[in-house]
Structure formats: C-alpha cells, structure tokens
1. Search the structure for amide H atoms under 5 Å from the amide H of F177, placed 1.01 Å from N in the peptide plane, and list their residues when 5 or more places away or on another chain.
2. Give me the net charge for the shell around I210: Cβ to Cβ below 10 angstrom, other residues only, Lys and Arg +1, Asp and Glu -1.
3. Name the long-range amide H neighbours of Q136: under 5 Å, sequence gap of 5 or more, or other chain; modelled H, no Pro or chain starts.
4. Could you state the principal axis extents of the C-alpha atoms in segment 127-281, from the largest down, to the nearest angstrom?
5. Could you give each residue of segment 239-246 its phi-based ³J(HN,Hα) in whole Hz, using Karplus coefficients 6.51, -1.76, 1.60 with θ = phi - 60°, and x for Gly or Pro?
6. If you add up the charges near V163, with Lys and Arg at +1 and Asp and Glu at -1, over every other residue whose beta carbon is less than 12 angstrom from its beta carbon, what do you get?
7. In what order, largest first, do K194, K268 sit by accessible area if the probe radius is 1.4 Å?
8. Give the ranking of H188, H95, H225, H253 by solvent-accessible surface, highest area first, calculated with a 1.4 Å probe.
Amino acid sequence: MNWLTSPACVPVTHALGHLKTVPTGYSGWLLALLVSGMNLLLLAIAKFTYTWLVALSRSSIHTWIKQRQKIIMINQWINIEHALDYLRRADNIPHRTEGEAVLLDHVPQTVKRILDLGTGNGRLLALLKVDRPQAQGVALDFSPTMLAEVGARFAADATVTIVDHNLDLPLPDLGTFDAVVSSFAIHHCTHPRKQALYAEIFACLQPGGIFCNLEHVASPTPKLHAHFLESIGYTPETEDPSNKLLDVETQLHWLRQMGFIEVDCYWKWLEMALLIGLKPL
C-alpha cells in the first residue's frame, strides 16, 4: 500500500493553505515539524517585509511632504508682501545698474532668443530689448506678484512670452536660446539645484550662446556679510530667508566643468557679482 494513502498517515495543515500529509513516527513528525516551522518562518519574513515596506512608504511620503512644506516656508516669493517689498527696494540697490551695464555690454545685439530666469517684473529683459527689439524673449517666474508685474510690462509686446515656472524644478522644454540671463534669482535655489540648473542652461543654449548671471553671492566671512547687509539697508533680522548664498569660486568651477568657456566673474561689488560663460561653437 502507498504510504501516502495509508491510514498510518496523518494530515498536517500547510501554512499557505494547502493540505500536506506525512507518515507517523519520529521521522514523520520531525518532517512535519520542519515543514511547519519553515512555513511559519516564511510567513514571518513576508509579514515583516510587508510591514517594513509600508512603513518606508509612509516615511518617504511624510519626508516628501515635509520637504515641500520647508520649500514653501523658506521661499517667500509666493508671498505678495515679500515680493512687493522687494520691488519697492529694487531700484535703490547700490551699484545694481553698474552690474546691469556690464551684462548689457556682453550680450550681443544680434541675439534672436533670450531666456530670462526669475524675471521678476521684467526689468532686465526690458533693458536687453532696448537695443535688441527684434529678439524673442521668454520671461520665467513663479511669483504671482511678479507674473502680474511682468505681464503688465510686456502686455503690448508680442515678442515676449511669459512662463509660470518655479526654478526649484527642472526647466520645461522651451527650445534653444542665444542668451540665457538671470538677475538675483538663482541664489534662492539650493546648491544642488543651482548646479543642476546650470547644466540645464548649458543644454538649452545654442553653440556660441552666452549665459549671464547677475547674482547675489556669499561673502567669505560673517563680518563682510554683515557689512553688505548694512550697505543695502538690511539687517540680519530683515534679510531674505529665501537666500541660499554660495561663493563665486564654486559656481565658476561648476560652469567650467559643464563645458562653458571664457568663464569669469566679470563684475563684482561686495555680494553682488556677474558670472558669465559661453557655450563653445
């Protein structure tokens, strides 16, 4: 008689829902014990893995939410009063026009397309178009206040397109440009995002194109930083909490690493600096 069908066999319930049978006796019960133990171990491992994955998923979601909340809390440019306060002060920032003048001198008047990152109220793009009226401009910002301001400035100019976009996120596909410019905007991004953004700028430039970043950079010492704040009418208490300042040398090094040429700081006053690089032909 087959031992599997013998009355001497006893049923053992499999942990996964199947019915197994083993012969009686020491070896049979030992086998049954081993099989049951392995099944229970597998169930325990599966339960632990499931619980760990659920916890990890919840933790990741919680971390992502906290990061987004932190960005919203720190980047004040979605706040109307913060943006309006900047606009009231912008025209009175010492030496700003000097830096703008150097930038204007280096952007060829023959450019066909200009991308202005963090355009604000469109001040820099408007200056560029004085001597380049034929240029197509793309003005990018995410502050509702700034978007309204730049919209009003270029309402009658069909050559300017306004794009609502946060520089914390990868640039959308906007085509290629002969010049990419920015004025006191990129320093609101985290350092890793700055570096990634520079690479995206290099990618969207035409060969021979120019990148000009009139930027707020870090001072080498706290004392010099305090001196700069005093010079522009701010205090450590009223300083923009959105600022994530980085030194000039690091940013120039990044630009060179990415393939830009003729990279240098073309103008500087305290924490205001003009960084320029060209994309090779």
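The values are calculated or read from the model by the stated rules, or taken from the named source; none is laboratory data. Small disclaimer: the values here were computed from a predicted structure and weren't measured. Note: ideal-geometry Cβ built from the backbone for every residue, glycine included; neighbour counts use all protein chains shown. Protein only, heavy atoms only, side chains kept; ligands, DNA and RNA dropped before computing areas. Shrake-Rupley method; radii C 1.70, N 1.55, O 1.52, S 1.80 Å.
1. L205, Q206
2. Counting the neighbours of I210, the net charge comes to -1.
3. R113, I114
4. Result, largest extent first: 46, 37, 30 Å.
5. Values, residue by residue: 4, 4, x, 6, 5, 10, 6, 9 Hz.
6. -4
7. K268, K194
8. H253, H95, H225, H188
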